[in-house]
Amino acid sequence: MSEFTTWDIVRNLLLAARWTILLSIVSFIGGGLVGAALLFARIGKRRLGQIFVKTYVELFQGTPLLMQLFLAFFGLGLFGIDVPAWLAAGLALILWSAAFLTEIWRGCVEAIARGQWEASSSLGMGYIQQMRHVILPQALRIAVPPTVGFSVQVVKGTALTSIIGFVELSKAGTVVTNATFEPFKVYGLVALIYFCLCWPLSKSSQILERKLNVAHRNH
Amino acid sequence: MSLIEITEVKKRFGNNEVLKGINIDVAPGEVIAVIGKSGSGKSTLLRCINGLETIDEGSISVAGAQLLPDELHLKALRLKVGMIFQGFNLFPHLTAGRNVMLSQMVVKKTPKAEAEAMARRQLERVGLAHKFDAYPDQLSGGQQQRVAIARALAMQPIALLCDEITSALDPELVSEVLAVVKELAGEGMTLMMVTHEMRFARDVCSRVVFMHQGRVHEIGPPEEVFASPKTPELQQFLGVTH
Amino acid sequence: MNYAFDFGWLLDYWPVLVKGIAVTLELTLVGGVLGVSLGVACAWARALGPGWLRPVVAAYVELIRNTPFLIQLFFIFFGLPALGVRMGELEAANLAMVINLGAYGCEIVRAGIQATPKGQFEAGASLGMSRIQTFWYVVLIPALQRIWPALSSQIVIVMLGSAAVSQIAAEDLTFAANFIQSRTFRAFETYFVATLIYLALAIALRQGLRGLGWTLFPKRTAR
Ligand SMILES: Nc1ncnc2c1ncn2[C@@H]1O[C@H](COP(=O)(O)OP(=O)(O)O)[C@@H](O)[C@H]1O
Ligand SMILES: [Mg+2]
C-alpha cells in the first residue's frame, strides 16, 4: 500500500527523536539554571524577590504550556525577526521548567528542619554560610528523586513544540502518518519511543526515592 | 562583674507577652539552672540570649558587649555564647568530626588541620574520640548530644546555654550527658541550663532560677530554693515534679 | 519593536471565546468526574483486585504516565479508527482526558490508600463489613480526603493540558484562539487573552475544588 517499510518508519522516527532528546536536555539544564536563580530569590530575604518568583510560578503553572509556546513564538515575532521554531520552543520550555524546578527545590529547602538553621546560627554562621554548608547539601540530597521525576515532564512537554512547527518526534509522527496512512502503527511507535525515553527516568526517580527513604529510616 | 547581664527584658509574640521583664546577672563560672512549668518562657529566654529571638525591650549584654540585632553583633555574640538544643541538631550530612570542624572553618576561618586537631580534642573531652568518622545517624542520642556539646565547645565560648538537653534522651542515656556537663562546670565554664533534672540542679548549680508566667518568680542558691521555696507556685511546682 | 497592540477584535469575537471556554469546561468536567472514577477503580484493582488485573492496571498506568498526552490523543483519534473504533473530536478528547487522568489519579489514590493504617482494614472486616464496604468506607473515603489536594492539582493540570485537543479540531478555548488569530492576524494579542482566560479558569477551578473538598469531606478531624 505504501513504499514505507516498518523499518523506514522507525528510522525516521528515531532520527527525529534526537531533536526531542536535545530539546529535553537543553530545556532541563536551562530550566535548572533559571530555576536555581529563582530559588535563591524565593528563599532569600527580600520581599520583592519572593513576590516576583511567586507570581512567576503562578503564571507558568497556571497556564497551558501550549499557550506559553504560542506566546513565545508570536511574542518574539513582535520584534520583527523571523522566529525559528527551535528558539521559541527552547525559550518557552526553559522558562516553564524553571517554574516547576524552583517549586520542587523550594519544597526541599523548606523540608530541612528548623533546628538546622538554629544550630548553625548559634555557631555564628551567616545566611550564606548556612545555605552553602548546612541547608543546601541536605536539600540537594532529597531534591534528586523529584528532580529526576520532573525530567519526564520535560520530555513529554517537548511534544507540544511540534504544534509551533519544531520538527521532533511528534511532528515526525504526523509527517510519517501523512505519508504512510498508517496512523495506528506510526503513533503506536511514537508512543513506544517516548515510553523508552521516559520510563527509565520515572523508574530511577522511584528507586532513588526508595533509597532515600530507607536511608532516612536508619536515623 | 557579671558575664551575662539581662536587664528588664521583654519579649512578645504578637499579643502574647512571653517575657515580662527579666533581670538576671550571671557571674563568670556560675552554673545557673532555669526551672519552671512548660510555657513559662524558659526556652525563649535562652533563645533571646543567643540572639535567635530579638527582644522587644530591655537589654542583654555578654562580657560587656551589648546584644544588637545586626549580623555583625550577632556573630560576635555567638562566638562568645554557645547553645545546645533539646533535639541535638547535628548536621546529618557530616561526620561527628566534620560537625565539630565546620563552624571553626567557615566562621573563624581556622585552617583545616588546626580545626581537625581542635575537633579531636573536644570529642576526646566528651569521651567520643573514637567516633570522629561516625555519622550522626550511627550514634545514640546521648552520643549525638555529646557531639553537639563538643561542637559548641570547639568555638571556645565563654558561656554555654543548654535548653533541656537531656529531655529527648532515653533515661539510661541521661547520665552520660549530665556527666559531661558536670565536668564542664567543674572546669569553670559558665553555664545556663534549662533542666528538669532537679537532683542535678541541686548538686551542680550555684543558683536556681524559677520562672513562672514570663517572670523570674524566685531565684537563689539551690539549698534555699529547694529546701524552703517561698512562693506557693514554686512549692506546687516542686511538689508536682518530686 | 514598533508594533501597536490591538485588542479591538475582542468586540467581534467574544462569542467564539465564550463557546471555547464552554467546551474546555465541559471537557474538564467530564474528564474530571470520569477520570477520578477510573483512577479510584484502578487503585482498587491494584490494591484488592483479582491477581490477573493488577499487572494490567500497572502497565496501563506506566504507559500513560510515560507518554505525552498529545500522542495519546492522536493515537485515539487517528489510530483507533484503523481498528474500526471511530469517534468524533469531542468524544476522542474526552476519552483521552479520562484515560490520562485515570492513570495519574490511580497513583495518587493508591498513595493515599497505602497511608491508611493496616489496623483500619482489619477493624472494618471485624465489624462484619464486606470487602467492598470496607474499601469504600474505611479505606477510600479517608484516603480521598487525604489526597484531595494532590488530586485537585492533577485535575487542574489536565484542564491546562486539554489545550492540546485543539490539534484534533475539538473546538475548545485554544481552538477558538487559533480561529480568531487566523481571521484577525492578531496572534500575540489573541493568545495573550486566551492565556489570561486559562489562568482565570485554573484559579477558579482550584478554588472550586477546594470548596468541593470541604463539602465532600466535612471537617472530620483532618488526617
Ligand atoms: N515562635 C513563637 N511564636 C509564637 N509563640 C511562641 C513562639 N515560641 C514560643 N512561643 C510561646 O511562648 C511561650 C513560652 O514558650 P517557651 O519559651 O518555649 O516556654 P518553655 O521553654 O518554658 O516551655 C509559650 O506560650 C509559647 O507558646
Ligand atoms: Mg522549652
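Every condition in (1) open to solvent by 60 Å² or more (accessible area, probe 1.4 Å); (2) within 30 Å of B:E183 (Cβ to Cβ); (3) modelled with pLDDT under 90 is met by B:L72 except one, and the failing one is (2).
Please go through region A:1-47 and give me each residue that is more than 24 Å from A:L197 (Cα to Cα) and open to solvent by less than 20 Å² (accessible area, probe 1.4 Å), ordered by number. Hits for region A:1-47 are A:L38, A:L39, A:G44. Restricting attention to region B:179-222, the residues that are assigned to a helix (DSSP H, G or I) and either touching a His at 6+ places or on another chain (Cβ under 9 Å) or among the acidic types (D, E) (or both) total 3. The set of residues in region B:193-210 being aliphatic (A, V, I, L, M) and over 11 Å from B:I35 (Cα atoms) consists of B:V204 alone. For region B:164-177, the set of residues classified as surrounded by fewer than 22 Cβ atoms within 10 Å (Cβ to Cβ) and not polar (S, T, N, Q) consists of B:E164, B:A168, B:L169, B:D170, B:P171, B:E172, B:L173, B:V174, B:E176, listed by residue number. Here region A:44-70 is the region considered, the condition is being modelled with pLDDT under 95 and part of a loop (DSSP other than H, G, I, E, B), and the residue that is nearest to the other protein chains (Cβ to nearest Cβ) is A:K45.
Might you check whether a residue that is more than 14 Å from every other protein chain (Cβ to nearest Cβ), within 14 Å of ligand 2 (Cβ to nearest atom) and open to solvent by 40 Å² or more (accessible area, probe 1.4 Å) occurs anywhere in region B:20-38? Scanning region B:20-38 turns up at least one residue that is more than 14 Å from every other protein chain (Cβ to nearest Cβ), within 14 Å of ligand 2 (Cβ to nearest atom) and open to solvent by 40 Å² or more (accessible area, probe 1.4 Å). The numbered conditions (1) more than 16 Å from ligand 2 (Cβ to nearest atom); (2) open to solvent by less than 10 Å² (accessible area, probe 1.4 Å); (3) in a strand (DSSP E or B) are all true for B:V225 except (3). Remark: pairs (first residue in region B:61-86, at negative phi and free of Cβ contacts under 8 Å to residues at least 40 places away in the same chain; second residue part of a strand (DSSP E or B) and within 16 Å of ligand 1 (Cβ to nearest atom); Cβ separation under 7 Å; 6+ apart in sequence or on different chains) = B:L67/B:I60.
Could you list all residues from region B:32-84 that are more than 10 Å from ligand 1 (Cβ to nearest atom) and of a type in the set (D, E, K, R)? Let's see the steps before the verdict.
Residues of region B:32-84 more than 10 Å from ligand 1 (Cβ to nearest atom): B:32-33, B:49-51, B:54-84.
Residues satisfying the conditions are B:D56, B:E57, B:D70, B:E71, B:K75, B:R78, B:K80.
Look at region B:35-57: where a residue is of a type outside the set (D, E) and a partner is within 6 Å of ligand 1 (Cβ to nearest atom) and assigned to a helix (DSSP H, G or I), sitting 6+ places away or on another chain with Cβ atoms under 6 Å, you get B:G36/B:K42.
Check every one of the helices (runs of 4 or more DSSP H) wholly within region C:8-116 and list those with 3 or more residues that are of a type in the set (G, A, S). Break it down stepwise before answering.
Working: elements: C:10-48, C:53-65, C:69-74, C:89-114.
Qualifying helices (runs of 4 or more DSSP H): C:10-48, C:89-114.
Please indicate, with yes or no, whether at least one residue in region B:174-196 is within 14 Å of B:R146 (Cβ to Cβ), in contact with a Gly (Cβ under 6 Å, 6 or more places away or on another chain) and away from ligand 2 (no atom under 16 Å from the Cβ). Checked region B:174-196: at least one residue is within 14 Å of B:R146 (Cβ to Cβ), in contact with a Gly (Cβ under 6 Å, 6 or more places away or on another chain) and away from ligand 2 (no atom under 16 Å from the Cβ).
Pull out all pairs, ordered by first then second residue, where Cβ-Cβ is under 7 Å, the residues are six or more apart or on different chains, the first lies in region B:95-120 and is without any contact (Cβ under 8 Å) to a residue 40 or more places away in the chain, and the second is basic (K, R). Short answer, once both residue conditions are applied: B:M105/B:K112. Only one of the listed residues (A:A89, A:A41) is among the aliphatic types (A, V, I, L, M), touching a residue at least 40 places away in the same chain (Cβ under 8 Å) and in a helix (DSSP H, G or I). That residue is A:A89.
Quick check on this structure: which one of C:G208, C:G161, C:G213, C:G124 is surrounded by fewer than 16 Cβ atoms within 10 Å (Cβ to Cβ), assigned to a helix (DSSP H, G or I) and not acidic (D, E)?
On the way: C:G161 fails: surrounded by fewer than 16 Cβ atoms within 10 Å (Cβ to Cβ); C:G213 fails: surrounded by fewer than 16 Cβ atoms within 10 Å (Cβ to Cβ); C:G124 fails: surrounded by fewer than 16 Cβ atoms within 10 Å (Cβ to Cβ).
C:G208 is the lone residue from the list that is surrounded by fewer than 16 Cβ atoms within 10 Å (Cβ to Cβ), assigned to a helix (DSSP H, G or I) and not acidic (D, E).
If you go through region B:179-199 and keep only what is open to solvent by 20 Å² or more (accessible area, probe 1.4 Å), more than 16 Å from ligand 1 (Cβ to nearest atom) and of a type outside the set (G, A, S), you end up with B:K182, B:E183, B:E187, B:M189, B:R199. Scanning region A:59-97 for residues that are over 18 Å from A:W19 (Cα atoms) and polar (S, T, N, Q) gives A:Q61, A:T63, A:Q68. Answer yes or no: is there a residue in region B:140-154 that is away from ligand 1 (no atom under 16 Å from the Cβ), farther than 16 Å from A:A119 by Cβ, in contact with a Ser or Thr (Cβ under 6 Å, 6 or more places away or on another chain) and open to solvent by 30 Å² or more (accessible area, probe 1.4 Å). Taking every residue of region B:140-154 in turn, none turns out to be away from ligand 1 (no atom under 16 Å from the Cβ), farther than 16 Å from A:A119 by Cβ, in contact with a Ser or Thr (Cβ under 6 Å, 6 or more places away or on another chain) and open to solvent by 30 Å² or more (accessible area, probe 1.4 Å).
Confirm whether B:L46 is open to solvent by 30 Å² or more (accessible area, probe 1.4 Å), within 16 Å of ligand 2 (Cβ to nearest atom) and within 14 Å of chain A (Cβ to nearest Cβ). Even if it seems obvious, please write down each step before you answer.
On the way: open to solvent by 30 Å² or more (accessible area, probe 1.4 Å): no; within 16 Å of ligand 2 (Cβ to nearest atom): yes; within 14 Å of chain A (Cβ to nearest Cβ): yes.
Criteria not met by B:L46.
Number of residues in region A:117-128 that are crowded, with 19+ Cβ neighbours inside 10 Å and on the phi < 0 side of the Ramachandran plot equals 6. In region A:138-145 there is at least one residue matching the filter, namely being touching a Leu at 6+ places or on another chain (Cβ under 6 Å), of a type outside the set (S, T, N, Q) and open to solvent by 30 Å² or more (accessible area, probe 1.4 Å).
Just one residue in the set C:A177, C:A170 is crowded, with 20+ Cβ neighbours inside 10 Å and not in a helix (DSSP H, G or I); that residue is C:A170.
The values are calculated or read from the model by the stated rules, or taken from the named source; none is laboratory data. Given the structure is predicted, the values throughout are model-derived calculations rather than measurements. Virtual Cβ from ideal backbone geometry, glycine too; neighbours counted across all protein chains shown. Just so you know, the surface numbers come from the protein's heavy atoms only, side chains and all, with ligands and any DNA or RNA stripped out. Shrake-Rupley method; radii C 1.70, N 1.55, O 1.52, S 1.80 Å.
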